[in-house]
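No value in this document is a laboratory result; all are computed from the given coordinates. Source: prediction; values computed, not measured. In this analysis, Cβ positions are derived from the backbone assuming ideal geometry, glycine residues included, and neighbour counts consider all displayed protein chains.
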Amino acid sequence: MFCSCFNIKYTNQVSKSGYLWDGDDIIPLIEGENISVDYSMQTFDDFKNLTQFYADTKSLKIEALKFLNLWGKLELNNNSKPEYLSLMNSIHIYESIKKDIELKKQPIFQEYHKTDFLNLSYEWDDKKKIIVPTFYPENLWNALRLTFLFCGINGNENAC
């Protein structure tokens, strides 16, 4: 089996003042003040932690707000879908794939995404030792998906 290292580079804009829930959507406490936050394995770990609150709307909204305040919205410029629905959909996809893998069933990834989000380049790794495929997802949800598609559901099974 062939195995390779790769990198995911994504920087999200996060409200400097944080967010609050407005029904099922989030709004910044102060409009227009953002900070840039780089995607990392910690982002993925924090997302995985959200999945334990999937069945409890009140707890999920509390924990999701913590996640969103750290990492920003899952899908930028998605005014048609409230953030809570994006979050629930993302967790559902993650849990479905996780269950398939645990049952030794081949997950059907094509049902969950299109491949048009694979903006790819080739760059030096962080230590400048090797050139690796480097993906530039268009939003946080795509960065999370790439992580569990390439690294496994726990985020470290295939890490280099």
When the Karplus curve 6.51 cos²θ - 1.76 cosθ + 1.60 is applied with θ = phi - 60°, which whole-Hz ³J(HN,Hα) does each residue of the range 33-48 get, with x for Gly and Pro?
9, 10, 10, 8, 10, 7, 5, 8, 5, 5, 4, 4, 4, 5, 5, 4
Fully extended, how many nm does the chain gain between Lys128 and Ile30 (0.36 nm per residue separation, minus their Cα-Cα distance)?
31.3 nm
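Could you quote the convex hull projected area for the range 41-151, Cα atoms only and averaged over all directions, in nm²? Don't jump to the answer; show the numbers that get you there.
On the way: hull surface 33.2 nm².
So the Cα hull casts an average projection of 8.3 nm².
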Net charge around Ser15, counting only other residues with Cβ within less than 14 Å of its Cβ (Lys, Arg = +1; Asp, Glu = -1)?
-2
